[in-house]
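Shown next, in structure tokens, is the structure this report addresses.
The values are calculated or read from the model by the stated rules, or taken from the named source; none is laboratory data. Since the model is a prediction, treat every value here as computed from it, not as a measurement. So basically every Cβ, Gly included, is an ideal-geometry build from the backbone, and we count neighbours across all protein chains shown.
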Amino acid sequence: MEFEGQNTSEYMAKSINTNPVVVRRILSTLRKAGYVTSQPGVGGGITLTISPEAVTMHDVYQLFETNDLFPMHTNEPMQQCPSGGTIQHVLTPVYDEARQAMCNVLKSKTIAQLATESWDYYHEKIEA
């Protein structure tokens with residue numbers, strides 16, 4: 001599968017059924033991190049600047065991760081309560097372990113692998 005060429009934010013947005021502004025925000029983050037470049041105007045678009053084999057899903061996740069995958073309640077629990085007073089202490093290591101497991105899976109998948117899987121699945125669908 002070839003990974004060459006450019007796409008516009010409008011085309012990408014139409015492809016995933018969202019507003020181009022959403023795509024532009026994501027692309028802005030990717031551009032600042034050096035993953036893509038953009039060429040304005042007619043014939044312009046977005047181009048991947050690094051090999052998709054060199055980028056893992058974890059790399060991309062880290063660009064957008066906000067540390068709220070498993071947010072704790074913002075109000076202080078009642079410390080005298082057997083459940084409220086201990087729940088954060090009990091849940092934190094569980095959430096940390098789950099987050100680490102997710103990161104390990106994301107580290108095992110490159111953008112190239114996902115693109116190939118997507119391409120293959122698309123062709124299976126249209127041939128069925």
> What is the residue count in segment 38-55 for residues that are in a helix (DSSP H, G or I) and over 18 Å from the mean Cα position of the chain (by Cα)?
Replying inline: 0
>> If I go through segment 74-128 residue by residue, how many of them are within 27 Å of S51 (Cα to Cα) and part of a loop (DSSP other than H, G, I, E, B)?
In response: 2
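Matching residues to (1) of a type in the set (D, E, K, R); (2) touching a Leu at 6+ places or on another chain (Cβ under 9 Å); (3) in the same structural domain as E10 (by TED's automatic domain parsing):
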position: L27; (1), (2), (3): no, no, yes
position: Y61; (1), (2), (3): no, yes, no
position: L91; (1), (2), (3): no, no, no
position: T116; (1), (2), (3): no, no, no
position: Y122; (1), (2), (3): no, no, no
>> For the structure I just gave you, tell me whether E76 is over 23 Å from N104 (Cα atoms), surrounded by 12 or more Cβ atoms within 10 Å (Cβ to Cβ) and of a type in the set (D, E).
In response: no
> For the subset of segment 56-73 comprising residues that are farther than 17 Å from S28 by Cβ and part of a loop (DSSP other than H, G, I, E, B), which member is modelled with the lowest pLDDT?
Replying inline: N67
> For segment 1-60, how many residues meet the condition of being of a type in the set (D, E) and under 30 Å from Q100 (Cα atoms)?
Replying inline: 2
